[in-house]
Amino acid sequence: MAAGCADHTMPVAQLPEIDTNNPLLAEWNTPHETPPFDRIRVSDYEPAFDAAIAVSRAEIDAIVNNPAKPTFNNTIVALDRQGRLLSRVEGIFFNLLEADATPEMQQVAENVQPKLTALSNDISLNPQLFERVKAVYEHPGWFLSKEDKKLLEEIYNGFVRSGANLSDEDKELYRQYSTELSELSLRFSRNVLAATNAFTINITDPAQVAELPDFVRDGMAAEAKARGEQGWTVTLQAPSYIPFMEYSTNRELKEKLWRANSSLCLGGEFDNTENIERMVNLRLKIANLLGYPTYADYVLADRMAENAQTVNAFLGELLARTKEYAVKDYNTIGEYARSQGFEGEVMPWDMAYYSEKYRHEKYELNEELVKPYLQLDSVKRGVFLLANKLYGLNFTPNPEVPVYHPEVTAYDVTDKDGRFLAELYLDFFPRATKRGGAWETEFRSVSIVEGHETRPLVSLVMNFTKPTDTTPSLLTFSEFETFLHEFGHALHAILSEGEHESISGTHVYQDFVELPSQIMENWATEKEFLDLWAVNYKTGEPIPADLIAKIVAAENYQAAYFNVRQVAYALNDMAWHSIDKPFEGDVELFERTAMAPSQILPVVDGAAMSPAFSHIFAGGYAAGYYGYKWAEVLAADAFSLFKEKGIFNPEVAEAFRREILSKGGHEHPMTLYVNFRGHKPETKALIEKMGLEKSSEK
């Protein structure tokens, strides 16, 4: 019997009574069954979690106690569908915890996290449940589709990787370790947010901000006003920190700001060093329990790269082919700084200023020249237009859809034939309760249950500079690329098709998930794309051809330097998760040793990235940060087909949609990639894209 057909052996759960007055638990009579954010209160979350956990337990009990012989439908499909109510509550709560982390929300997280970890462990370590899964895995039947087979494989491996084959004693240890890890991850994240918000520099002397561009000074004035301060305030939030470092001539303040940013959570009130030690040691214990020598080996067994040797060789090759050029990049800035009267060694807090100044002189280009053409509303129109030209998508604001913050806007996304594909939420500006950075997330993914298709609810969360009384929100070119990057993730979710939620959309191997996002960045420097929408927000004049030419010429400015920096982050990540005995020591020294092969800038004592490296200690990227560079290789190789056939070529776009975006995790990512591109990716594609080596094939 094929999945999705009527199956009279499907388990029937005896569900506990649900409080339908709780908006998280009630039926959503909203457009496209979107969350009723306007009705949800913080006090609703804990009761909703408790109820949803109880429902999930009842659903698991029904599968376990089903007297019928285990089948793909009554065990595997039932497992994939169980917990939908809990997924709904989790999808809202944990996404808002990132975007609107009030103290009350953080307290709820601390209260519910142990319960969620306990449930996860009770499911993955349930011997009767695993026996049913194992029975289907060993005798799957002949009727399964590729998607069904992948679901079966993922669920079985998920049990094994979560300790299903462990002894009772080791299962108890696994529970302890994973529970503590989830608590430590929350603590780590909370410390980073608190430390970031705790540090500011307030300037009251107009002379100290006189040389700053208007957009920087206006932003600092708005920040000061919002805090009830006089003058101008700079913070560690990227839209404030980066422009100040790029344009301020006050070296003393820049050093102070850089040291604060580079020692975030390294000692002091929000210290994370002890959390790091406990986390890496717990991860090692889990890996050892499951038969792996290191946590990296455990993680990478379930990735496109497959093992640590492949990752280390990949990073080593990238470093070997780019470090020489990266050193030249640094030396060039040093020579330029000295030509400007600078004396001594160029330190990390000097790099942004002299790099930006040299870029302006070399290419006659700086952010001030580009930003007027990157008004946020225009960029948004351009990004939507790109999705329309490639995939026929349309984006229509829907004011009837409730949103979780007044600054958020919801859009109905429809296909060329009018079919509703997804709801897209856009949340652009910084808040004290929002973590830094930019990300795509989903409140719900695609699924089909008993013939009813549920479409995704997708959110893009950014930290772009807010508009002021005198200036609209203007993006830097880097922020424009960030928008395209996160929008690529959104397309992966929006265009996903499939029956099983857990292997659809962005639910793919972590070193593959960045392909749809990285490839989108390539359009940022394409004149044919920019000409369609980029105009000066003051005059309405189209972006000049010579400015586009300068942007293209500057595309690979310091490409080697930034590549080596990303490799350094990945080396640090791999080092923390390649320990084969418990870590006891100095976090700063460990990190410095790990990143030594990639070191270019002078070493500064009292600085370390690890205590605020949320990606690997609170964001699910442990032994996975290399995936960004891995995906850059995939994206460079994939985009070269668009360059060859045309950047809006409908056949190439349709193939990318069909083989990559719509498939999610239905097949192994290398299979999907080769189906699209016709060959496996090679590192040389990225090296050539950076302009460091030219292809001999002309």
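In the set 48, 78, 52, 26, which member is surrounded by fewer than 19 Cβ atoms within 10 Å (Cβ to Cβ) and hydrophobic (A, V, I, L, M, F, W, C)? Before the answer, list the steps.
Working: 48 fails: surrounded by fewer than 19 Cβ atoms within 10 Å (Cβ to Cβ); 78 fails: surrounded by fewer than 19 Cβ atoms within 10 Å (Cβ to Cβ); 52 fails: surrounded by fewer than 19 Cβ atoms within 10 Å (Cβ to Cβ).
After applying the criteria, what remains is 26.
Considering every residue within segment 580-592, establish whether at least one is exposed (fewer than 15 other Cβ atoms within 10 Å of the Cβ) and under 28 Å from residue 324 (Cβ atoms). Give the derivation first.
Of segment 580-592, the ones exposed (fewer than 15 other Cβ atoms within 10 Å of the Cβ) are 580-582, 584-586, 589.
Now narrow it down to the ones that are under 28 Å from residue 324 (Cβ atoms): 589.
Looking through segment 580-592, at least one residue is exposed (fewer than 15 other Cβ atoms within 10 Å of the Cβ) and under 28 Å from residue 324 (Cβ atoms).
Can residue 341 be described as small (Gly, Ala, Ser), at pLDDT 95 or above and either outside any helix (DSSP H, G or I) or closer than 30 Å to residue 539 by Cα (or both)?
So residue 341 fits the description; yes.
For segment 192-210, name all the residues that are in contact with a helix residue (DSSP H, G or I) (Cβ under 7 Å, 6 or more places away or on another chain) and closer than 15 Å to residue 227 by Cα.
199, 201, 202
Among the helices (runs of 4 or more DSSP H) confined wholly to segment 625-698, which include 1 or more residues that are of a type in the set (A, V, I, L, M) and free of Cβ contacts under 8 Å to residues at least 12 places away in the same chain?
650-656, 669-677
Residue 164 fails exactly one of the following numbered conditions: (1) under 29 Å from residue 614 (Cβ atoms); (2) outside any helix (DSSP H, G or I). What is the number of that condition?
If we test residue 164 against (1) under 29 Å from residue 614 (Cβ atoms); (2) outside any helix (DSSP H, G or I), just (1) comes out false.
Looking only at segment 145-160, count every residue that is free of Cβ contacts under 8 Å to residues at least 12 places away in the same chain and of a type in the set (Phe, Trp, Tyr) and tell me the total.
The qualifying residues number 0.
Filtering segment 248-277 down to residues that are assigned to a loop (DSSP other than H, G, I, E, B) and charged (D, E, K, R), which residue is nearest to residue 351 (Cα to Cα)? If you could, list the steps in order and put the result at the bottom.
Filtering segment 248-277 down to residues assigned to a loop (DSSP other than H, G, I, E, B) leaves 248-250, 263-272.
Next, only the ones that are charged (D, E, K, R) stay: 269, 271.
Numbers: 269: 29, 271: 27 Å.
Among those that are assigned to a loop (DSSP other than H, G, I, E, B) and charged (D, E, K, R), it is 271.
Yes/no matrix, rows are residues, columns are (1) within 21 Å of residue 181 (Cβ to Cβ); (2) charged (D, E, K, R):
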residue	(1), (2)
562	no, no
568	no, no
582	yes, no
587	yes, no
591	yes, yes
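Filtering segment 429-449 down to residues that are assigned to a loop (DSSP other than H, G, I, E, B) and in contact with a strand residue (DSSP E or B) (Cβ under 8 Å, 6 or more places away or on another chain), which residue is farthest from residue 619 (Cα to Cα)?
Selected residue: 446.
Within segment 422-432, identify whether any single residue is under 28 Å from residue 215 (Cβ atoms), outside the structural domain of residue 213 (by TED's automatic domain parsing) and touching a His at 6+ places or on another chain (Cβ under 6 Å), and answer yes or no.
Looking for residues that are under 28 Å from residue 215 (Cβ atoms), outside the structural domain of residue 213 (by TED's automatic domain parsing) and touching a His at 6+ places or on another chain (Cβ under 6 Å), one finds none in segment 422-432, hence no.
Mind checking which pairs have a first residue in segment 389-413 that is on the phi > 0 side of the Ramachandran plot and a second that is assigned to a loop (DSSP other than H, G, I, E, B), Cβ under 7 Å, 6 or more apart or different chains?
Here the result reads 392/415; 392/416, each pair linking segment 389-413 to a residue that is assigned to a loop (DSSP other than H, G, I, E, B).
Taking the options 143, 130, name whichever one is closer than 26 Å to residue 447 by Cα, crowded, with 20+ Cβ neighbours inside 10 Å and out of contact with any Pro (no Cβ under 7 Å at 6 or more places or on another chain).
After ruling out the rest, the residue left standing is 130.
Just one of the numbered conditions (1) farther than 20 Å from residue 568 by Cα; (2) under 26 Å from the mean Cα position of the chain (by Cα) is not true of residue 290; which one?
(2)
Among the residues in segment 594-608, are any under 30 Å from residue 187 (Cβ atoms), buried (at least 23 other Cβ atoms within 10 Å of the Cβ), at pLDDT 95 or above and out of contact with any strand residue (DSSP E or B) (no Cβ under 9 Å at 6 or more places or on another chain)?
Checking segment 594-608: at least one residue is under 30 Å from residue 187 (Cβ atoms), buried (at least 23 other Cβ atoms within 10 Å of the Cβ), at pLDDT 95 or above and out of contact with any strand residue (DSSP E or B) (no Cβ under 9 Å at 6 or more places or on another chain).
As an exercise: evaluate residue 290 against (1) hydrophobic (A, V, I, L, M, F, W, C); (2) farther than 30 Å from residue 669 by Cβ; (3) surrounded by fewer than 22 Cβ atoms within 10 Å (Cβ to Cβ) and give the number of the one condition it does not meet.
Answer for residue 290: the failing condition is (2).
Looking at segment 299-318, which of its residues are surrounded by fewer than 19 Cβ atoms within 10 Å (Cβ to Cβ) and either of a type in the set (Lys, Arg) or under 27 Å from residue 600 (Cβ atoms) (or both)?
Residues satisfying the conditions are 309, 310, 312, 313, 316, 317.
Hey, among the residues in segment 645-698 that are acidic (Asp, Glu) and modelled with pLDDT of 95 or more, which one's farthest from residue 152 (Cα to Cα)?
651
Output the residue which, of all residues in segment 79-138 that are among the β-branched types (Val, Ile, Thr) and under 25 Å from the mean Cα position of the chain (by Cα), is farthest from residue 179 (Cα to Cα). Reasoning before the result, please.
Initial filter on segment 79-138 (among the β-branched types (Val, Ile, Thr)): 89, 92, 102, 108, 112, 117, 123, 133, 136.
After this cut, where a residue has to be under 25 Å from the mean Cα position of the chain (by Cα) as well, the list is 89, 92, 102, 108, 112, 117.
Values: 89: 20, 92: 22, 102: 23, 108: 16, 112: 11, 117: 6 Å.
Result: 102.
Here's the yes/no breakdown for (1) at pLDDT 95 or above; (2) part of a helix (DSSP H, G or I); (3) in contact with an Asp or Glu (Cβ under 9 Å, 6 or more places away or on another chain):
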| position | (1), (2), (3) |
| --- | --- |
| 181 | yes, yes, no |
| 196 | yes, yes, no |
| 201 | yes, no, no |
| 211 | no, no, no |
| 224 | yes, yes, no |
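Checking the condition among the hydroxyl-bearing types (Ser, Thr, Tyr), touching a residue at least 60 places away in the same chain (Cβ under 8 Å) and part of a helix (DSSP H, G or I), which residue from 332, 322 passes? Even if it seems obvious, please write down each step before you answer.
Details: 332 fails: touching a residue at least 60 places away in the same chain (Cβ under 8 Å).
Among 332, 322, only 322 is among the hydroxyl-bearing types (Ser, Thr, Tyr), touching a residue at least 60 places away in the same chain (Cβ under 8 Å) and part of a helix (DSSP H, G or I).
If you go through segment 327-357, how many residues are of a type in the set (Gly, Ala, Ser) and under 21 Å from residue 242 (Cα atoms)? Spell out the reasoning first.
Going through segment 327-357, the residues of a type in the set (Gly, Ala, Ser) turn out to be 334, 337, 339, 341, 344, 352, 355.
From what is left, the residues that are under 21 Å from residue 242 (Cα atoms) are 334, 337, 352, 355.
Count: 4.
Of the conditions (1) surrounded by fewer than 21 Cβ atoms within 10 Å (Cβ to Cβ); (2) outside any loop (DSSP other than H, G, I, E, B); (3) touching a strand residue (DSSP E or B) at 6+ places or on another chain (Cβ under 7 Å); (4) not hydrophobic (A, V, I, L, M, F, W, C), residue 459 fails just one. Which one is it?
Among (1) surrounded by fewer than 21 Cβ atoms within 10 Å (Cβ to Cβ); (2) outside any loop (DSSP other than H, G, I, E, B); (3) touching a strand residue (DSSP E or B) at 6+ places or on another chain (Cβ under 7 Å); (4) not hydrophobic (A, V, I, L, M, F, W, C), the lone unmet condition for residue 459 is (1).
State yes or no: is residue 131 of a type in the set (Asp, Glu), modelled with pLDDT of 95 or more and either part of a helix (DSSP H, G or I) or touching a Ser or Thr at 6+ places or on another chain (Cβ under 8 Å) (or both)?
Against the criterion (of a type in the set (Asp, Glu), modelled with pLDDT of 95 or more and either part of a helix (DSSP H, G or I) or touching a Ser or Thr at 6+ places or on another chain (Cβ under 8 Å) (or both)), residue 131 qualifies.
If a residue has to be surrounded by 15 or more Cβ atoms within 10 Å (Cβ to Cβ) and over 22 Å from residue 371 (Cβ atoms) to count, how many in segment 213-233 make the cut?
Of the residues in that region, 2 qualify.
Kindly list, by first and then second residue, each pair from a residue in segment 223-237 that is within 20 Å of residue 254 (Cα to Cα) to a residue that is of a type in the set (Asp, Glu), limited to pairs with Cβ atoms under 7 Å and residues at least 6 apart or on different chains.
233/223; 235/223
The values are calculated or read from the model by the stated rules, or taken from the named source; none is laboratory data. Only a predicted model underlies this, so the values are computations on that prediction, with no experimental measurement involved. Please note: Cβ atoms are built from the backbone with ideal geometry, for glycine as well, and neighbour counts cover all protein chains shown.
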